[in-house]
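Trainee: Okay, here's the structure, questions in a sec.
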Amino acid sequence: MRVSGITITVPSGVSSATVERFVEAKSPWIRRTLERFRSAAKKVSPAEILPYDRCKARARRLVRGRVKLYNLFFGFSVRRITVKDLRSRWGSCSDAGNLNFNYRVLFLPDHLLDYVVVHELCHIRHLDHSDGFWNLVASALPDYRERRQELRQYVWF
């Protein structure tokens with residue numbers, strides 16, 4: 001993996017001095033994040049991942065089964081479950097209760113797939129990462145912090 005630079009998107013009207021102060025204030029986090037990407041153990045290599053069209057149906061069945069299982073615990077109203085070829089996320093949840101998952105979850109260990117599923121299910125109740133959200137995640141997965149940390153080691157790009 002190669003990290004070649006950082007892109008900063010700035011709203012119009014923000015001065016360059018404000019941007020420089022922000023970058024300076026966030027520089028420790030930027031350095032840590034860049035180092036994490038540089039040193040990440042690439043556990044899922046592109047060569048190991050089959051193309052989307054060959055995995056979509058299998059991933060959909062797997063994800064739907066896991067959502068159904070964990071939703072027995074939560075009892076949320078899930079509208080639609082979709083498996084897509086997402087570029088930078090493991091999953092997402094819309095405010096309408098639609099869940100989207102990256103087909104590459106198929107290549108994760110089961111305990112990390114479960115974390116992704118629970119994470120997105122909990123967004124049906126909390127569309128943010130508030131304390132309430134994390135408490136809800138913890139109610140199903142008390143070890144979610146460890147799983148979340150482990151998931152960060154899995155990359156595919």
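Trainee: Can you tell me how much longer the chain between Asn98 and Asp110 gets when fully stretched, taken as 0.36 nm per residue apart minus their C-alpha distance, in nm with one decimal? Intermediate results must be reported in sequence, preceding the final value.
Mentor: Details: separation 12, 0.36 × 12 = 4.32 nm, distance 2.20 nm.
Length gained, Asn98 through Asp110: 2.1 nm.
Trainee: With Cβ to Cβ distances under 15 Å as the rule, what net charge do the other residues near Ser77 carry (K, R +1; D, E -1)?
Mentor: Computed value for this residue: +2.
Trainee: Give me the extension gain from Ala138 to Glu35: residue separation times 0.36 nm, minus the current Cα-Cα distance, reported in nm with one decimal.
Mentor: 34.3 nm
Trainee: Right, here's the next one. About its Cα centre, what dipole magnitude does the chain give when the only charges are +1 on Lys and Arg Cβ and -1 on Asp and Glu Cβ, stated in debye to the nearest 20?
Mentor: The calculation lands at about 540 debye.
Trainee: Let me ask something else. When the helix-only estimate is applied to the chain (DSSP H runs of n ≥ 4, each -39,500 (n - 2.57), divided by the residue count), what is the mean residue ellipticity at 222 nm, nearest 500 deg cm²/dmol?
Mentor: The helix contribution divided over the chain gives -17000 deg cm²/dmol.
Trainee: Hey, rough spin-label estimate for Arg61 and Arg152, points 7 angstrom out along Cα→Cβ, what's it come to in nanometres?
Mentor: 3.5
Trainee: Grab the Cα-Cα distance for Lys68 and Val19, subtract it from 0.36 nm times how many residues apart they are, and report the gain in nm with one decimal.
Mentor: 13.1 nm
Trainee: Tally Lys and Arg at +1 and Asp and Glu at -1 over the other residues with C-beta under 11 Å from the C-beta of Ala96: what net charge comes out?
Mentor: Here the count lands on +1.
Trainee: Let me ask something else about it. For a quick protection proxy, order the peptides 125-134, 102-111, 140-149, 20-29 by their average other-Cβ count within 10 Å, most packed first.
Mentor: Numbers: 125-134: 12.4, 102-111: 18.4, 140-149: 14.5, 20-29: 10.5.
So the peptides 125-134, 102-111, 140-149, 20-29, ranked by packing, come out 102-111, 140-149, 125-134, 20-29.
Trainee: Now a separate question. State the Cα centre-to-centre distance between the range 11-26 and the range 116-141 in whole Å.
Mentor: 32
Only the coordinates and a few stated rules stand behind these numbers; no lab work does. Everything numeric here is computed off the predicted structure, so don't read it as measured data. Using ideal geometry, Cβ is built from the backbone for each residue, glycine included, and neighbour counts are taken over all protein chains shown.
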